[in-house]
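Here you go, one structure.
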Amino acid sequence: MRTILATAATALFVLAQSVSAHHAFSAEFDADKPVTLRGAVTRVEWINPHSWVHIDVRDASGKVVSWKVEMGAPNQLLRRGWNKNSLPVGVEIIVEGYRAKNGSDIANGGNITMADGRKLYVGSSGTGAPYDEKTP
């Protein structure tokens with residue numbers, strides 16, 4: 001019986017490690033390319049392993065550019081006080097994050113600042129993102 005329990009515990013540990021380590025920040029995002037995006041929310045996806053917020057941002061020429069911002073897993077966001085109504089479509093937000101290495105309009109989110117000044121942390125824990133250990 002102990003052998004079965006030990007085997008099951010080991011299998012669960014290995015599975016948990018592989019799920020939580022699906023990718024590192026540095027595999028997709030550039031810590032040397034921080035971005036600050038101001039725009040209106042167009043969609044929020046509460047999916048695993050990462051949630052996403054889509055925002056329309058006006059660039060320097062006034063053209064609207066649609067950005068996709070990676071956030072933490074739904075469970076991480078829920079534990080931080082988020083819910084599916086926290087970012088309604090149309091609300092303007094400011095996102096601080098890091099641009100995708102491939103230069104696309106994708107970012108890894110850190111803080112989101114709401115119109116009333118509240119800052120909400122949306123990053124993924126343990127991915128190696130800058131200041132990962134200092135997050136709220």
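Estimate the FRET efficiency between A31 and N102 by the formula 1/(1 + (r/R0)^6), using the beta-carbon distance for r and 22 Å for R0, to the nearest 0.05. Intermediate values should be presented prior to the final figure.
Numbers: r = 15 Å, r/R0 = 0.67.
That pair, A31 with N102, gives E of 0.90.
Of the peptides 57-67, 103-113, 86-96, how do they stack up when ordered by the mean number of other Cβ atoms within 10 Å, highest first? Write down the numbers at each step before the final one.
Details: 57-67: 10.8, 103-113: 19.2, 86-96: 15.5.
The most tightly packed comes first, giving 103-113, 86-96, 57-67.
Convex hull over the alpha-carbon atoms of segment 19-80: what's its volume per residue in Å³? If you can, show how the numbers build up before the last one.
Values: hull volume 6.6 nm³, N = 62.
Dividing the Cα hull volume of segment 19-80 by its residue count gives 107 Å³.
Of all alpha-carbon pairs in segment 43-109, indicate the percentage at a distance above 19 angstrom.
On the way: 724 of 2211 pairs.
Cα-Cα pairs of segment 43-109 separated by over 19 Å account for 33 percent.
Starting from the 7 Å offset along Cα-to-Cβ, what nm value, one decimal, do you get for the label separation of V65 and N83?
Taking the simple label geometry, V65 and N83 are separated by 3.5 nm.
On a full-extension model of 0.36 nm per residue, what is the gain between E92 and M114, subtracting their alpha-carbon distance, rounded to one decimal in nm?
On the way: separation 22, 0.36 × 22 = 7.92 nm, distance 0.71 nm.
Length gained between E92 and M114: 7.2 nm.
Each reported figure results from applying straightforward, stated rules to the coordinates on display, with no laboratory input. Here the structure is a predicted model, which means the values were calculated and not measured. Note: ideal-geometry Cβ built from the backbone for every residue, glycine included; neighbour counts use all protein chains shown.
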